[in-house]
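A quick write-up on the structure given underneath.
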Amino acid sequence: MTIEEAIKTAILFEKKVHATYTGATARATDAIARKIFGTLAEEEQGHIDYLESRLAEWQKDGSVSDEKLRTALPPADRVRRGMARLRSRVARRRSGQAAELDSLRQAVAAEEETSGFYRKMVKELPAEGQDLFARFLEIEDGHLAIVQAELDSVNRTGFWFDLKEFDLELG
């Protein structure tokens, strides 16, 4: 795969993930879920814009600048540590979570697929392409950590978007 083909393919992946988060935002009934999904949708739109600008550079002069891709989200390891601290929040109702749960599953699948593509590009492309996609891999792994932590919380620990829903000791 050439760098141009990789960038074009990455744009398609990012558009798919963006659509997943945009839909999740629209379906979410929980305000915190809407905020998380909305933030991730904005992040993905930034990735699309960035990749489109890199594609234009590549098509113009056969190179891509090393402009750093920014993210508003913390690294994956920091997300995991933060999730552990946030699990002691105020209890709330469990109603309306079906849409969010389905959206989380879709988001995990989309992020895993996208991260897999970036991981492959980092291994297979020439150095210039590897540098471009290594940062995407780092950011997408952070996104995956966020949505996976939320999904794990709902499925295993009695928390929903960092809010404790039940206490085994209290019943």
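The values are calculated or read from the model by the stated rules, or taken from the named source; none is laboratory data. Computed from a prediction, not measured in an experiment: that's the story for all the values here. All Cβ positions, glycine included, derive from the backbone under ideal geometry; neighbour counts span all protein chains shown.
Quick notes on this structure:
- Restricted to region 13-36, and to residues there that are buried (at least 16 other Cβ atoms within 10 Å of the Cβ) and of a type in the set (A, V, I, L, M), the residue that is farthest from Thr114 (Cα to Cα) is Ile32.
- Pairs with Cβ under 7 Å, 6+ apart, first in region 28-39 and within 16 Å of Gln148 (Cα to Cα), second among the hydrophobic types (A, V, I, L, M, F, W, C) and modelled with pLDDT of 85 or more: Phe37/Ala24
- Filtered residue count, region 104-138, keeping only those that are crowded, with 22+ Cβ neighbours inside 10 Å and out of contact with any helix residue (DSSP H, G or I) (no Cβ under 6 Å at 6 or more places or on another chain): 1
- Scan of region 42-63 for residues that are under 21 Å from Val17 (Cβ atoms) and either in contact (Cβ under 8 Å) with a residue 24 or more places away in the chain or not in a helix (DSSP H, G or I) (or both), ordered by number: Glu42, Glu43, Glu44, Gln45, Gly46, His47, Ile48, Leu51, Glu52, Arg54, Leu55
- Filtered by the rule that a residue be of a type outside the set (Ser, Thr, Tyr), crowded, with 16+ Cβ neighbours inside 10 Å and modelled with pLDDT of 85 or more, region 46-81 gives Gly46, His47, Ile48, Leu51, Arg54, Leu55, Trp58, Val64.
- Tally, over region 86-113, of residues that are at pLDDT below 50 and either assigned to a helix (DSSP H, G or I) or in contact with a Cys (Cβ under 8 Å, 6 or more places away or on another chain) (or both): 1
- Selection status of Lys8, modelled with pLDDT of 95 or more and among the basic types (Lys, Arg): yes
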